[in-house]
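Working notes, structure below.
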Amino acid sequence: MTNMRGKHALESIRKIKPFVQASLNITKKRCGNPGCRCAQQGPLHEVTLLTWKEEKRTHTLYVPIEFRPEVERWVQEGKRLKRLVAEVSQAQREFLTSKKKGRKSKKG
Ligand SMILES: [Zn+2]
């Protein structure tokens with residue numbers, strides 16, 4: 001049971017692709033190799049990190065450079081899913097509200 005708004009959001013959720021609810025951060029680091037260019041003048045190495053919060057703690061995961069475009073898609077999809085989840089919740093609340101208005105009871 002839902003309304004048009006909920007139906008549309010649910011259809012989108014069914015088509016969701018792999019996702020991750022986290023964000024991508026790009027930082028620059030030294031690799032630790034004393035013979036590397038980064039140890040002297042640089043440039044430093046670009047490092048992509050996936051960060052997310054779990055039970056109030058921030059977690060970080062290294063993302064290999066070749067996976068960056070793919071993980072970016074997961075992050076975008078994760079944001080989309082979050083919006084869709086909120087959308088369905090809103091639709092269900094609207095559904096209840098509309099039923100309450102439509103009902104003819106003495107106490108309302
Ligand atoms: Zn280096």
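Since every read-out is calculated from the coordinates, none of them should be taken as a lab result. These numbers come from a predicted model, not from an experiment. Using ideal geometry, Cβ is built from the backbone for each residue, glycine included, and neighbour counts are taken over all protein chains shown.
The HN-Hα couplings worked out from phi for region 77-91 by the Karplus form 6.51 cos²θ - 1.76 cosθ + 1.60 (θ = phi - 60°) are 5, x, 5, 5, 4, 4, 5, 5, 4, 5, 5, 5, 4, 5, 4 Hz, whole numbers, x standing for Gly and Pro. Estimated from helices alone, the mean residue ellipticity of the chain at 222 nm is -15500 deg cm²/dmol (sum of -39500 (n - 2.57) over DSSP H runs with n ≥ 4, per residue). Relative to the Cα centre, the charge distribution of region 24-73, modelled as +1 at Lys and Arg Cβ and -1 at Asp and Glu Cβ, gives a dipole magnitude of about 240 debye.
Relative to the longest principal Cα axis of the chain, at what angle does helix 4-14 sit, 0 to 90 degrees, rounded to 10? The two axes meet at around 40 degrees. Rounded to the nearest 20, the size of the Cβ-charge dipole of region 1-51 about its Cα centre is 120 debye, with Lys and Arg at +1 and Asp and Glu at -1.
Based on alpha-carbon atoms only, what is the radius of gyration of the chain relative to the globular estimate 2.2 N^0.38 Å? Intermediate results must be reported in sequence, preceding the final value.
Values: Rg = 22.8 Å, N = 108, 2.2 N^0.38 = 13.0 Å.
Normalised by 2.2 N^0.38 Å, the Cα Rg of the chain equals 1.75.
Placing dummy labels 7 Å off each Cα toward the beta-carbon, the span from GLU70 to SER12 is 2.6 nm. As a ratio to 2.2 N^0.38 Å, the alpha-carbon radius of gyration for region 52-98 is 1.68.
Using the Cβ-Cβ distance between LYS29 and ALA86 with R0 set to 35 Å, the FRET efficiency from 1/(1 + (r/R0)^6) comes to roughly 0.45.
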